């Protein structure tokens, strides 16, 4: 081993090659096609499932992009933890705002203005 050759960490995984990137792109394209199909297929009473189904499919695509194209799958777990912490914090913030502005305040409720 040369003095200038970098030492590889024993737990380090090799990054994907072009073939794997193409496979991931095909999978992401199929999921996108399923999302579009779901939008047009769900009608009537089943339309209520549209939001949850699209959110799950989008989350799957998001996870794949983060793991492979952003290389979090191959980086140190600390980076993944930092990313997930920020993502979870943002998610809870969004849920809190939705609950605050759409769930806890009834539309058309009388205001709490002082009497004249």
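The values are calculated or read from the model by the stated rules, or taken from the named source; none is laboratory data. For clarity, every value in this text was computed on a predicted model and none was experimentally measured. FYI the Cβ positions are ideal-geometry reconstructions off the backbone, even for glycines, and counts take in every protein chain you see.
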Looking only at residues that are out of contact with any helix residue (DSSP H, G or I) (no Cβ under 6 Å at 6 or more places or on another chain) and surrounded by 11 or more Cβ atoms within 10 Å (Cβ to Cβ) in region 42-53, which one is nearest to residue 31 (Cα to Cα)?
50
Which one of these does residue 20 not meet: (1) in a helix (DSSP H, G or I); (2) modelled with pLDDT under 85; (3) in contact with a helix residue (DSSP H, G or I) (Cβ under 8 Å, 6 or more places away or on another chain)?
(2)
For region 24-42, pairs from a residue that is in the same structural domain as residue 61 (by TED's automatic domain parsing) and in contact (Cβ under 8 Å) with a residue 24 or more places away in the chain to a residue that is surrounded by 15 or more Cβ atoms within 10 Å (Cβ to Cβ) and not in a helix (DSSP H, G or I), with Cβ under 8 Å and 6 or more apart or across chains, are 24/16
Being surrounded by 14 or more Cβ atoms within 10 Å (Cβ to Cβ), part of a helix (DSSP H, G or I) and at pLDDT 85 or above narrows it down to one of 38, 26, 88, so name that one.
38
